[in-house]
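Step one of this worksheet: look at the structure below.
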Amino acid sequence: MTSKGSIGLLNFFIFNSKYGPREGEEEKKIMFYSPEEADIDTKVKNIGLAEAIAQFSATFSEIPCQSVHTQKTRQLLLQPEAGFWVVMTVSHPFQEKTKDGTPYLEYREDDVQDSVFQAVLDLAYKMFKLFNGTFEHILMRADGDVEVLKQRLEGFYNKYLLTLRLSQCDLLDVFNGIHFLPLDKNTYLRIQCFINRLEATFPFVKYTAFLYNDKLVWSGLEQDDMRTLYQYLTTTLFPTYMAQEHQGGGQVKSQAVGASQYCKFLTGPPDLTDERSMGKLPRVFVSTETDNEEFYLLVYRAMSATICLLVNVKCPLNVPMCRKLDAMMAPQMTKLASDIKEQHYQRAPPQSAADPVYKYIYFNHMNLAQQTTMHTDLQKQAGITIPQEIMRLLNDINADLAQSNTDGETIVKTTSDFWVVGKKSDTREFYVVINQKNANLIEINEEVKRLCTSHLNSIFFLD
């Protein structure tokens, strides 16, 4: 028995029925379709089928249809805005088997879990909205010119879809949480004071977020906006920056007197001595005070500390202004980064890739706080991963707990001697995978209680 297929993206499209209401005008419904090389009949047929399913299911429920199951595929549907549907179809993995000497394909439908890929689809829309605004906002600014929306969709999704790693998606994609850095209260207050001074000195900086390594310390954004921005920073911007650093392509360092050589803009001017180039300066759209507020995203790093500045687009942001920002931020952020490193990592025990024998995921729906020892860099370097069947089991337990309005706990022992535990309490969820062959139920229950006490009491502040 050999594996022959994995989860793959078959198509991804966006349509709005009001733009092609008459027979023969179905092509006008298409806002975006991938793969682009598909013939027009295939595009119209697939969109028509998705449209029919959505309309038919609406007669039975006020909740829009979210998924369609077939033997070979899974189709996920999302209606993020009135009239607009975003649809993604993925292939089921399969294995080649033989029965009575005859080969056949067995499709593993259970490997594709609705909640995981609904989360992937939802993030695909939210990431577009972060950098472009809502579909309706784009149309409003373009005086209803749908071609403008189509161009924006094409420009974004032709690149974004290439980044999807569908076979690696799991429960962490469902939560899409934020890793917070626990700090002592004095250090936290110093960071907040620094941000307050920065925003008072430069009034065009409207919102700010402060991170250390890949963990969030402080944010002035709404949770949903910060969650999407955090995903962009930790999966795209920071890894790209680190890759450039390793290749020796780092940007020009800070010009501030006494500043560390490790201070620089990640987005913004690549060279503070060249007043003609502002470099890459993304625009983002957030919904804090009003919907679709547009800002420049200016990201600055000092050692391991990063600050994200959302700057009013009406501000004439230029290199001289960035030099002033650099002069203020570099020395203060360098000191903060040094203090955080000293006081935080002195408390942290040395880590080993093979230790501990347990792996866990914690998530709080109230503040989006997430902690996990799954998929860590140390484990990846050592080749240690949680088996896919265990990750699927975790997601099944999560789906069962999500259907209940009450707190609950599930404990499962697998045939491969893994203990898998899922706990739900109020807005918090905690999942543990323990590889202890000779443990019993009472011992596992006590171990989970100990883990909750030792690991989750300092999500935000150290003692």
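Annotations for the structure displayed:
- Label-point gap, in nm, between residue 165 and residue 185 - each point 7 angstrom along Cα→Cβ: 4.0
- Calculated FRET value between residue 324 and residue 100, using beta carbons and R₀ = 56 Å, to 0.05: 0.10
- Too-long pairs where the Cα-Cα distance tops 31 Å, listed order kept, from 280/335; 335/424; 72/99; 185/324: 335/424
- Beyond 27 Å, the tail of the calculated P(r) for the chain holds 62 percent of the Cα pairs.
- Cα-based convex hull volume of segment 51-137 per residue, rounded to whole Å³: 116
- The simple Förster model, with R0 at 22 Å and r as the Cβ-Cβ distance, assigns residue 200 and residue 139 a FRET efficiency of 0.05.
- Alpha-carbon Rg/Rh ratio, for segment 121-180, with Rh computed the Kirkwood way: 1.08
- Total formal charge among the other residues, if their Cβ is under 12 angstrom from that of residue 441, Lys/Arg +1 and Asp/Glu -1: -3
- Over segment 106-221, the alpha carbon radius of gyration divided by the compact-protein estimate 2.2 N^0.38 Å works out to 1.46.
- The packing ranking of peptides 264-274, 429-439, highest mean first, is 264-274, 429-439, where packing means the average number of other beta carbon atoms within 10 angstrom of each residue.
- Positive-end extreme of charge dipole, the chain - chosen from 340, 231, 48 (charges on Cβ): 340
- Simple Cβ-charge dipole of the chain, Lys/Arg +1 and Asp/Glu -1, about Cα centre, in debye nearest 20: 1320
- q = 0.16, 0.20 Å⁻¹: log10 I(q)/I(0) that the Debye formula gives for segment 1-100, counting C-alpha atoms only: -0.72, -1.01
- Whole-Å distance, taken between Cα centres, linking segment 223-240 and segment 288-341: 16
- Where only DSSP H runs of four or more residues are counted, the chain gives -11500 deg cm²/dmol as its mean residue ellipticity at 222 nm, each run worth -39500 (n - 2.57).
- Ranked by how many other beta carbons lie within 10 Å on average, peptides 32-38, 130-136, 302-308, 143-149 from highest: 302-308, 130-136, 32-38, 143-149
- Solvent-accessible surface (1.4 Å probe) assigned to residue 179 amounts to roughly 50 Å².
- Within segment 131-177, the trypsin sites (Lys or Arg not before Pro) that combine a DSSP coil assignment with at most 15 other C-beta atoms in a 10 angstrom radius are 165.
- Counting protein heavy atoms only, the chain has 49 percent of its accessible area on carbon and sulfur, 1.4 angstrom probe.
- A simple packing score, the average count of other Cβ atoms within 10 Å per residue, orders the peptides 279-291, 85-97 as 85-97, 279-291, with the highest score first.
- Value of D in µm² per second that Stokes-Einstein yields for segment 160-299, Kirkwood Rh from Cα pairs, at 37 °C (0.692 mPa s): 190
- Computed extension gain for residue 247 through residue 405, at 0.36 nm per residue and net of the alpha carbon distance, reaches 51.8 nm.
- Relative contact order [Cα under 8 Å, 6+ residues apart], the chain, whole percent: 12
- Counting all C-alpha pairs of segment 102-147, share separated by more than 14 Å (%): 67
- Entry comment: accessible area of the chain is 51 Å² per residue, from protein heavy atoms only and a probe of 1.4 Å.
- Euclidean distance of C-alpha centroids, segment 35-61 and segment 127-147, integer Å: 22
- Treating each Cα of segment 12-59 as an identical point scatterer and summing with the Debye formula, the log10 of I(q)/I(0) at q = 0.13, 0.31 Å⁻¹ comes to -0.27, -1.26.
The values are calculated or read from the model by the stated rules, or taken from the named source; none is laboratory data. Values in this document were obtained by computation on a predicted structure and should not be read as measured data. Using ideal geometry, Cβ is built from the backbone for each residue, glycine included, and neighbour counts are taken over all protein chains shown. These area figures cover heavy atoms from the full protein model, side chains too; ligands, DNA and RNA do not enter into them. Shrake-Rupley method; radii C 1.70, N 1.55, O 1.52, S 1.80 Å.
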